[in-house]
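What follows is one structure encoded as structure tokens, with my remarks underneath.
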Amino acid sequence: MTHPLLTALAQARLRDAPMFVRWCELNGVSACPATPASVARFVTDCAALGMDRLWPAVQEISRMHISSGLADPTLGGAAAGAINAIAAIPPPRSWPGPFKQRFAALPYDIQVHLASHEAQRERALRRAQNDAASVRQKLAAFQAETKDGKTNGNEVATRDQD
């Protein structure tokens with residue numbers, strides 16, 4: 001038997017998560033506790049809403065379960081796979097192969113953060129590489145100019161001696 005306060009809190013969370021609760025009622029599944037498979041089905045069925053509307057609903061499912069002391073059905077597995085299929089965020093290029101496969105199991109908000117951080121890192125790296133190439137070119141031009149100056153100066157000095 002659960003504590004009455006937890007039951008009241010769970011009912012309040014059910015009222016706060018109307019999209020998922022209505023979907024559960026229409027599909028004959030339990031909203032709380034929900035299974036990862038039903039969350040994955042919800043995500044797949046509601047994919048047309050886009051991640052901007054869908055992700056807050058998934059977060060509310062998570063909060064509803066955690067506040068009731070239940071396991072979060074939105075983490076990993078089927079739910080994360082369904083979210084990843086919709087979001088289609090590619091894993092960071094710098095990650096080794098086995099970790100790229102695990103990227104899909106991460107929560108959507110973590111994937112967004114990592115992808116943004118990786119893109120920022122890539123831009124900074126490219127900028128640094130371009131700056132280094134520019135400095136190398138300037139150095140090569142300066143060295144060529146200095147070498148030409150020395151060669152031309154030596155030729156003039158050699159002719160004067162003749």
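The values are calculated or read from the model by the stated rules, or taken from the named source; none is laboratory data. None of these values were measured; they are calculated from a predicted model. We place every Cβ from the backbone using ideal geometry, glycine too, and count neighbours over all the protein chains shown. In case anyone asks, the SASA skips ligands and DNA or RNA and just uses the protein heavy atoms, side chains included. Shrake-Rupley method; radii C 1.70, N 1.55, O 1.52, S 1.80 Å.
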Dipole of the chain, positive direction: furthest Cα of ALA119, GLY28, ALA40, with charges on the beta-carbon: GLY28
Peptide ranges 123-134, 96-107, 49-60, 34-45 listed from the most packed, as the mean C-beta count within 10 angstrom indicates: 34-45, 49-60, 96-107, 123-134
Going toward the positive end of the dipole of segment 44-134, with +1 on Lys and Arg Cβ and -1 on Asp and Glu Cβ, which of TRP95, ILE61, GLY81 do you reach last? TRP95
Projected area averaged over all directions for the convex hull of the alpha carbon atoms of the chain, nm², comes out at 15.4
Per-residue ellipticity at 222 nm attributable to helices in the chain (runs of n ≥ 4 DSSP H, -39500 (n - 2.57) apiece, nearest 500 deg cm²/dmol) works out to -25500 deg cm²/dmol
Report, in degrees rounded to the nearest 10, the 0 to 90 angle that the Cα long axis of helix 36-45 makes with the longest principal axis of the chain. 70
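Going by accessible area, probe 1.4 Å, with all protein chains left in place, what is the ranking of ILE83, ILE89, largest first? Before the final figure, lay out the partial values.
Details: ILE83 10, ILE89 30 Å².
Final ranking, largest accessible area leading: ILE89, ILE83.
Probe radius 1.4 Å, ligands and nucleic acids left out: which of PHE20, PHE142 has the largest accessible area, and how do the rest follow?
Largest accessible area first, the list is PHE142, PHE20.
Rounded to the nearest 20 debye, what is the charge dipole size of the chain about its Cα centre when +1 sits on each Lys and Arg Cβ and -1 on each Asp and Glu Cβ?
On the way: 18 positive and 15 negative charges, 45 e Å.
Value, rounded to 20: 220 debye.
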Bin width 10 Å, alpha-carbon pairs only: give the P(r) of segment 105-146 as whole percents, running from 0 to the bin holding the largest distance. 26, 26, 19, 15, 10, 4
